[in-house]
Amino acid sequence: MRILGIETSCDETSAAVLEIDEKINSLKLLSNVTATSLNLHSKTGGIIPEIAAREQLKYILPVIDEALKNTNDKKPITNDQIDAIAVTYGPGLIGSLLVGVETAKTLSLLWNKPLIPVNHLYGHIYANFIKTDSSPLTLNALPSPTDFPAIGLVVSGGHTDLVYMENQTSIKWVAGTRDDAAGECFDKCARLLGYDYPGGPKISELALKGNPNKFKLPHPLPEADIYDFSFSGLKTAFFRSTQQYFPILRNSTAKIGWQEIAIENKLFDSDKQVLYDLCASLQKTIVDVLVKKTFNLAFKMDVKSIIIGGGVSANELLIETFKQYAISHMPYPKIFAPQKFLSTDNGAMIAAAAYFNSKPIDPLKLEANPELYFD
Ligand code: KG4
Ligand code: ZN
């Protein structure tokens, strides 16, 4: 069967087609096309919902058209070769979500195909189950039924959640962040240093040249039996460390005057090493917290694997640290992370989640739900 997946929850407009061999649960990526309005938001340090929604409207039809015409095996797909349409119906920005949801409803009615609503957070987990041509090695690295039960970590700009998966289709929420998400912490700290959204990739790039042990940042909620996260205190500590190093910043706050002073005085130009050290220390702290809490839960639940997903899973240190930690605790758990291009929002992960959690709905009854969470 073939599933068309549509994702428009935030600033990415994405459509993809998966070809699925149901006998062996093999999900082959036929196409994945993504347009982003990121460049329009980066200067403001975050997404502007109204602009994101307008851009979604502009891109949605060309993106779907391209996903059908431009496939990896060069064979265009017609609508009668599609067996189901999957769409993100939440969580996300209402204006953006509506574009995908209403388009999917229209196509479902027009083409007479089942419509499967998908929780975006599930999508990030199921990004791990997609087989791509570009990396044959991953063929051996897709989760199989014997890799369950598993712990899932969804770590993105808006979410940091731990879930328990008894098998490939069951997802139960266990813990989450009490305030900011891990990606949000990267983004806000990068903003303090004068960098545009998204901050995660920039911090990890600068961190390459830094000393991760230079600044001692706190590990929030360090108790071994607390699986919730908290990143807002870490952001404040990062802010204080920067202020302490540059006394000129002491009279400013994160919101007022900070960047102007930093830029005017060329603070980070004059002392690049401090910038690198700050980034390396922040990244290491976030990574350590994510790895420790996830493993604590994995050991407690005695699972066979850890499945990581969401934009922050594109962070190489995070995945490397997970793998190293697992090696030192052999023989389990196994670590799964999506290929980089499937870490951030995409239509393929929505089609994959629809396959494993298929609950088709009457198109006339589907409504976008910006507040949707784990069940
Ligand atoms: O999953 P995603 O594309 O969108 C949401 O659903 O939020 O995640 C975006 C988040 C941003 O916070 C971004 O800074 C973070 O993922 N991110 C990274 C990296 N690449 C993206 N964080 C750390 N390191 C990266 N390499
Ligand atoms: Zn996402």
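The values are calculated or read from the model by the stated rules, or taken from the named source; none is laboratory data. Quantities reported herein were computed from a predicted structural model and do not represent experimental measurements. FYI the Cβ positions are ideal-geometry reconstructions off the backbone, even for glycines, and counts take in every protein chain you see. Quick note on the areas: whole protein, heavy atoms, side chains included, nothing else; ligands and nucleic acids left out. Shrake-Rupley method; radii C 1.70, N 1.55, O 1.52, S 1.80 Å.
Using θ = phi - 60° in the Karplus curve 6.51 cos²θ - 1.76 cosθ + 1.60, the 3J(HN,Hα) couplings for the stretch 115-128 round to 10, 10, x, 10, 6, 3, 5, 4, x, 4, 5, 6, 4, 6 Hz; x is entered for Gly and Pro. For Y164, the amide hydrogen comes within under 5 Å of the amide hydrogens of G152, K172, W173, V174, counting only partners 5 or more places away or on other chains and with H modelled in the peptide plane. Our helix-only sum for the chain, with -39,500 (n - 2.57) per DSSP H run of n ≥ 4 divided by its residues, gives a mean residue ellipticity at 222 nm of -12000 deg cm²/dmol.
Computed from backbone phi with θ = phi - 60° and the Karplus coefficients 6.51, -1.76 and 1.60, the 3J(HN,Hα) list for the stretch 6-22 is 10, 10, 9, 6, 9, 9, 9, 10, 9, 9, 8, 10, 10, 9, 10, 9, 5 Hz; x is used for glycine and proline.
Here the Gaussian network model covers the chain, with springs between Cα atoms less than 10 Å apart; of D83, D196, D345, D83 fluctuates the most. Put +1 on the Cβ of each Lys and Arg and -1 on the Cβ of each Asp and Glu in the stretch 300-353; which of L317, M330, I307 then has its Cα farthest toward the positive end of the dipole? Farthest towards the positive end: M330.
How large, in percent, is the carbon and sulfur part of the accessible surface of the chain at a probe radius of 1.4 Å? Show your work: numbers first, answer last.
On the way: 9100 of 16590 Å².
Reported share for carbon and sulfur atoms: 55 percent.
Across all directions, the shadow cast by the convex hull of the chain built on its C-alpha atoms averages 18.4 square nanometres.
Shape call for the stretch 66-161 from the C-alpha gyration tensor, a ≥ b ≥ c root eigenvalues: rounded (a/c under 1.5), prolate (a/b greater than b/c) or oblate? Don't skip to the answer; put the middle values down first.
Numbers: a/c = 2.05, a/b = 1.19, b/c = 1.73.
Oblate shape, in that a/c is at least 1.5 and b/c is the bigger or equal ratio.
Put a plus charge on the Cβ of each Lys and Arg, a minus charge on the Cβ of each Asp and Glu, and nothing anywhere else: the dipole of the stretch 264-345 about its Cα centre is then about 460 debye. For the chain, the membrane-span-like helix rule (DSSP H, alpha carbon extent of at least 18 Å along the helix axis, mean Kyte-Doolittle at least 1.0) picks out 94-111; this says nothing about an actual membrane. Rounded to the nearest 20, the Cβ-based charge dipole of the chain about its Cα centre (Lys and Arg +1, Asp and Glu -1) stands at 680 debye.
What ranking of H159, H120 comes out by heavy-atom accessible area, probe 1.4 Å, highest first?
Numbers: H159 40, H120 15 Å².
Putting H159, H120 in descending order of accessible area: H159, H120.
Start at zero, step by 5 Å, and the Cα-Cα distances of the stretch 180-253 spread as 3, 15, 21, 26, 21, 9, 4, 1, 0 percent across the bins.
Near C279, within a Cβ-to-Cβ distance under 11 Å, what is the net charge of the other residues, with Lys and Arg +1 and Asp and Glu -1? For residues surrounding C279, the net value is +3.
Taking a ≥ b ≥ c as the square roots of the eigenvalues of the alpha-carbon gyration tensor, the stretch 249-368 is classed oblate because a/c is 1.5 or more while a/b is no larger than b/c. Would you please classify the overall shape of the stretch 228-272 from the alpha carbon gyration tensor, given that a ≥ b ≥ c denote the square roots of the eigenvalues, rounded means a/c under 1.5, and beyond that prolate means a/b larger than b/c while oblate covers the rest? Prolate shape, in that a/c is at least 1.5 and a/b is the bigger ratio. The mean sequence separation of alpha-carbon pairs under 8 Å and at least six residues apart, normalised by the residue count of the stretch 103-210, gives a relative contact order of 14 percent.
Using the 1.4 Å probe convention, the accessible area of the chain works out to 44 Å² per residue with neighbouring protein chains retained.
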